[in-house]
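Take a look at the structure set out below.
The values are calculated or read from the model by the stated rules, or taken from the named source; none is laboratory data. Only a predicted model underlies this, so the values are computations on that prediction, with no experimental measurement involved. Don't worry about glycine lacking a Cβ; one is built from the backbone with ideal geometry, like all the others, and counts go over all protein chains shown.
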Amino acid sequence: MATKPGDPTLLFLREVGSRNAFEETVAQLVRAIRFGIVTPGSKFPAERELSERLNVSRTTVREAIRSLEEFGYVETRRGRFGGTFLVHPEGAAPEADRAKREALQPELGEAVTFREALEPGVARLAARLATGEDVSRLEALCDGAESASAEAYIRLNSQFHLALAEITDSDTLVKAVAEVEVKVMDALLVVPRMEGSVEHSHEQHRAIVAAVAARDADGARAAMEEHLGGTAMILREILG
Ligand SMILES: [Zn+2]
C-alpha cells in the first residue's frame, strides 16, 4: 500500500540543503527514528517519496537505507507487503558498543564543534605553506586510505588531518588537531562503517589535496568545511 501524502515521517523530513547529501539523508532518517516519528514495526515511506521530499536522488536514498540496515535500525522485506520497516529504534549495536557510545557522548559533541572551528583554518594555512613534498605525502595518505580495511581507514583518515596540521609547522595546531582527531576516531570506531560515507570522504580528501596543491587557500578551507560537516552530521545523529 502506498504511503499517504500526510505520512508524519515525510512531514518531519526537510529538503537536504548541503552538498553532503548522503550524510544528511542518513542523519535526517536517524533523527526521525530517534524522535519516535517512525515507530517500531512501522513502514518507511517509499524510496520515491523520500527522494522527492528530501530532494536527493533515489540512489542516495537507497544508500542511506542500506546504511540504516547495517546499523540494525531497519529491515527491508520484499514482496507485495514489502518495504522498509523500523525494527530497532536504537540500532542493533552490541551492548558494549552502545555503552561506549554513551560514554563518548558528552565530550564528542564538543569535540566535533571544536574540529569544525579548527581544521578549516588548518587547511587554509596548509594551502599557503605546503611544499611539493607535503602534497606528495597527502596524496600517499589518500592512496593508502582508499585501499585500507575499515579500521585502518579510520586511522588513516585521522593521519591525513594530522598531516595537514604538520604542514603549518605549529606545534600548538598539531597538538590540537591530534587531540580532536583521537576523540573523533574513538567515536567512528563504534559507528558501523558506511560505504557511501567512506567513498564520499575519499573524494573530499582528494578535493582538499587538489586545493592545497593549487595553493588555493579559500578552496582548501571550503573543502575542509564541507568534509567536516558531513562527519559532524552523522556523529551528532548517531551518537547524539
Ligand atoms: Zn577526513
Review point. For residue 148, all conditions in the list (1) part of a helix (DSSP H, G or I); (2) within 20 Å of the chain's Cα centre (by Cα); (3) surrounded by fewer than 18 Cβ atoms within 10 Å (Cβ to Cβ) hold save one; what is the number of the exception?
Key: (1)
Practice item. Considering every residue within the stretch 20-29, establish whether at least one is buried (at least 21 other Cβ atoms within 10 Å of the Cβ), modelled with pLDDT of 80 or more and more than 23 Å from residue 204 (Cβ to Cβ). Key: no
**Study point:** Hits in the stretch 149-162 - residues which are aliphatic (A, V, I, L, M) and farther than 14 Å from residue 180 by Cα
**Key:** 150, 152, 156
Point to revise | Residue satisfying all of: in the stretch 34-76; touching a Leu at 6+ places or on another chain (Cβ under 8 Å) and under 15 Å from residue 233 (Cα atoms); surrounded by the most Cβ atoms within 10 Å (Cβ to Cβ) among these | key: 64
Review point. Which ones in the stretch 143-162 are of a type in the set (A, V, I, L, M, F, W, C) and within 10 Å of the ligand (Cβ to nearest atom)?
Key: 145, 154, 156, 160
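Condition check ((1) modelled with pLDDT of 90 or more; (2) of a type in the set (Ser, Thr, Tyr); (3) closer than 25 Å to residue 70 by Cα) across all residues:
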site: 147; (1), (2), (3): no, yes, yes
site: 151; (1), (2), (3): no, no, yes
site: 160; (1), (2), (3): yes, no, no
site: 170; (1), (2), (3): yes, yes, no
site: 185; (1), (2), (3): no, no, yes
site: 203; (1), (2), (3): yes, no, yes
site: 223; (1), (2), (3): yes, no, no
site: 231; (1), (2), (3): no, yes, yes
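Table: residues versus (1) over 23 Å from residue 112 (Cβ atoms); (2) assigned to a helix (DSSP H, G or I); (3) among the acidic types (Asp, Glu).
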{"position": "135", "(1), (2), (3)": "yes, yes, no"}
{"position": "139", "(1), (2), (3)": "yes, yes, yes"}
{"position": "143", "(1), (2), (3)": "yes, yes, yes"}
{"position": "154", "(1), (2), (3)": "no, yes, no"}
{"position": "157", "(1), (2), (3)": "no, yes, no"}
{"position": "160", "(1), (2), (3)": "no, yes, no"}
{"position": "165", "(1), (2), (3)": "no, yes, no"}
{"position": "173", "(1), (2), (3)": "no, yes, no"}
{"position": "176", "(1), (2), (3)": "no, yes, no"}
Review point. Within the stretch 205-231, how many residues are surrounded by 21 or more Cβ atoms within 10 Å (Cβ to Cβ), touching a residue at least 40 places away in the same chain (Cβ under 8 Å) and either hydrophobic (A, V, I, L, M, F, W, C) or under 17 Å from residue 27 (Cα atoms) (or both)?
Key: 10
Point to revise | Candidates 165, 130, 123, filtered to the one that is buried (at least 20 other Cβ atoms within 10 Å of the Cβ) and more than 16 Å from the ligand (Cβ to nearest atom) | key: 130
Review point. Given the residues 198, 182, which is the only one that is assigned to a helix (DSSP H, G or I), on the phi < 0 side of the Ramachandran plot and touching a residue at least 40 places away in the same chain (Cβ under 8 Å)?
Key: 198
